[in-house]
Amino acid sequence: MTAPDQSKIFDLAVEVLKENDQGGYTIPTKGLYPFQWNWDSCLTALGQSHFDEARAWTEIETLFEHQWPDGMVPHIVFHVHSDGYFPGPDVWATERPVATSGITQPAVAGFAVRRLFERARDKEMAARRARALLPKIDAWHRWFYANRDPKGEGLVAILHPWEAGRDNSIDWDEAFERVPTEGVEPYTRRDTQHADPAHRPTKEQYDRYLWLVQHFRGLDWDNAKLHDASPFQVVDPGFNAILIRACADLADLAETLKEPQIAADNRARASAGLAAMQSLWSAPHGQYLCKDRITGALIDSASIGGILPVFAAIPPDNAHAIARTIEKQGKAVKFIVPSQDPADPRFEAKRYWRGPVWLVTNYMIMDGLRSVEENGVSDRIVQSSLDLITQSGFAEYYDPLTGEPCGGGRFTWTAAMVLEFLQLAKR
């Protein structure tokens, strides 16, 4: 890609980010997702930092203004009224001062804040704003291990597929069958009005999503009760790896900012998590697997959730094995990294998290591979990601076989990741 091409793509990406900017927060895309999403915002801030450093900090600060008293950071903040998304605040009924959902999402904030701090041009502003966020992110991390790892195993469970951000992953299929569909209140989906239904989760999956929401709502969103009361408890290696990386990054940042207790607590969490992650490693698959906490069994599904652990400081041998797994998958698809092994008979190239490529996961995988000098695979991920943009624009996700754009268009975090990838491509 030539310098003029890169400059044009940079400008288009900035245009998407500004178009979806609502002032203090950014929506993922107009129509399909009209509110603030948790991990979207944290990754969006990385993109914003390339052209408006102060605005990047505001993105994460706005999210944490709506942190719950127990430390949880919700996955959606409903800043304004909109009937374009379901389920809305009336379904969640969390009774927060500003309406939010009642579940969380991948804890990428610690990583994002450290990266913003390290690349900051205004060091004084960065130190001030990072220092204010430190205890809030630390409280979120503490919440995870208190409420989602009640036996102190070192790994946390998700209680709803939406928490992983990979809503309809094949990883959840078997465990999700335990979730009933009876008694779900009548509803009208909005997502299929904005995107091709063939690219979205099925109605049966949505029934189960809604059953869990109603179930947790019936427990008054008491996080001390939800784990043991949920029929869906899955230990996702990707979700845990993001949390472990965030703990390690927050520890490093806390040391720099002279907050030794926060540093020590998060260092301990990361260490315990990395040790426990080994129980999820599958040598035959060349990656990690999810675990059904209720049955205690590993889940036979080679998804991107088991590739993402390269984002954390896993053993180098495991990281190199994952790089080989990506290379193997790359022979079956035109664009990497698919969200499910293309050899899996359940693979669906266009259906959300059952096969498509997502630039946000590409970014985290690339970052982890670079740390173990798997530069060949890392460079291919960068190039593949930029090729998708050139061919298909700033889509929510892409068919790995054809590059066809899927889901929402002019998507915020896709644009943000493009700015990150362009920076790497210059080096």
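When ASP220, ASP149 are checked against the criterion of being of a type in the set (Asp, Glu), buried (at least 21 other Cβ atoms within 10 Å of the Cβ) and free of Cβ contacts under 8 Å to residues at least 60 places away in the same chain, ASP149 stands alone in meeting it. Among the residues here, ARG55 does not qualify as in a helix (DSSP H, G or I), at pLDDT 95 or above and more than 30 Å from HIS194 (Cα to Cα).
Among residues belonging to the range 1-47 that are over 23 Å from the mean Cα position of the chain (by Cα) and polar (S, T, N, Q), point out the one that is modelled with the lowest pLDDT. Filtering first and then ranking leaves THR2. Considering only residues of the range 93-143 that are in a loop (DSSP other than H, G, I, E, B) and of a type in the set (S, T, N, Q), which is farthest from ALA313 (Cα to Cα)? Per the criteria, the residue is THR94.
Within the range 229-270, being under 16 Å from the mean Cα position of the chain (by Cα), outside any helix (DSSP H, G or I) and not aliphatic (A, V, I, L, M) holds for one residue alone: ASP236.
Would a scan of the range 369-386 turn up a residue that is assigned to a loop (DSSP other than H, G, I, E, B) and within 23 Å of THR412 (Cβ to Cβ)? Looking through the range 369-386, none of the residues is assigned to a loop (DSSP other than H, G, I, E, B) and within 23 Å of THR412 (Cβ to Cβ). Exactly one residue out of PHE421, PHE394, PHE411 is closer than 20 Å to GLU19 by Cβ and either in contact with a Lys or Arg (Cβ under 7 Å, 6 or more places away or on another chain) or among the β-branched types (Val, Ile, Thr) (or both): that is PHE394.
How many residues are of a type in the set (Asp, Glu) and closer than 24 Å to GLY110 by Cβ when one looks only at the range 218-258? Adding up the residues that qualify gives 4. Considered as a group, the residues in the range 1-56 that are buried (at least 21 other Cβ atoms within 10 Å of the Cβ) and small (Gly, Ala, Ser) include one that is farthest from MET125 (Cα to Cα), and that residue is ALA13.
Considering the range 383-427, and only residues there that are under 17 Å from THR2 (Cα atoms) and at pLDDT below 95, the residue that is surrounded by the fewest Cβ atoms within 10 Å (Cβ to Cβ) turns out to be ARG427. Selection within the range 193-213: residues that are of a type in the set (S, T, N, Q) and surrounded by fewer than 16 Cβ atoms within 10 Å (Cβ to Cβ). The member of this set that is modelled with the highest pLDDT is THR202.
Number of residues in the range 145-166 that are closer than 22 Å to ILE304 by Cα and assigned to a helix (DSSP H, G or I): the value is 4. Among the residues of the range 168-182, just one is in a loop (DSSP other than H, G, I, E, B) and over 13 Å from GLU204 (Cα atoms), namely SER169.
Yes or no, residue by residue, for (1) β-branched (Val, Ile, Thr); (2) within 29 Å of LEU219 (Cβ to Cβ); (3) without any contact (Cβ under 8 Å) to a residue 40 or more places away in the chain:
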position	(1), (2), (3)
ARG55	no, no, yes
PHE64	no, yes, no
MET72	no, yes, no
VAL77	yes, yes, no
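Only a single criterion out of (1) among the aromatic types (Phe, Trp, Tyr); (2) outside any helix (DSSP H, G or I); (3) under 20 Å from ASN38 (Cα atoms) is not satisfied by PHE216, namely (2). Here's a check for you: in the range 62-92, which residue that is surrounded by fewer than 18 Cβ atoms within 10 Å (Cβ to Cβ) and either acidic (Asp, Glu) or touching a strand residue (DSSP E or B) at 6+ places or on another chain (Cβ under 7 Å) (or both) is nearest to ILE158 (Cα to Cα)? Filtering first and then ranking leaves ASP70.
Would you be able to say whether some residue in the range 278-291 is in contact (Cβ under 8 Å) with a residue 40 or more places away in the chain, more than 26 Å from GLN329 (Cβ to Cβ) and not polar (S, T, N, Q)? No; the residues of the range 278-291 include none that is in contact (Cβ under 8 Å) with a residue 40 or more places away in the chain, more than 26 Å from GLN329 (Cβ to Cβ) and not polar (S, T, N, Q). Condition (residue is in contact with a strand residue (DSSP E or B) (Cβ under 9 Å, 6 or more places away or on another chain), buried (at least 23 other Cβ atoms within 10 Å of the Cβ) and touching a residue at least 24 places away in the same chain (Cβ under 8 Å)) applied to the range 363-375: is it met by at least one residue? Among the residues of the range 363-375, not one is in contact with a strand residue (DSSP E or B) (Cβ under 9 Å, 6 or more places away or on another chain), buried (at least 23 other Cβ atoms within 10 Å of the Cβ) and touching a residue at least 24 places away in the same chain (Cβ under 8 Å), which makes the answer no.
For the range 291-340, filtering for residues that are part of a loop (DSSP other than H, G, I, E, B), within 15 Å of PRO356 (Cβ to Cβ) and hydroxyl-bearing (Ser, Thr, Tyr) leaves 1. Take the residues in the range 387-413 that are free of Cβ contacts under 8 Å to residues at least 60 places away in the same chain and part of a helix (DSSP H, G or I); name whichever of them is farthest from the chain's Cα centre (by Cα). It comes out as GLN391. Let me confirm something: among ARG131, ARG114, ARG96, which residue is among the charged types (D, E, K, R) and either under 19 Å from the mean Cα position of the chain (by Cα) or closer than 28 Å to ALA275 by Cα (or both)? On inspection, the qualifying residue turns out to be ARG114.
The values are calculated or read from the model by the stated rules, or taken from the named source; none is laboratory data. Please read all numbers here as calculations on a predicted model, not as lab measurements. FYI the Cβ positions are ideal-geometry reconstructions off the backbone, even for glycines, and counts take in every protein chain you see.
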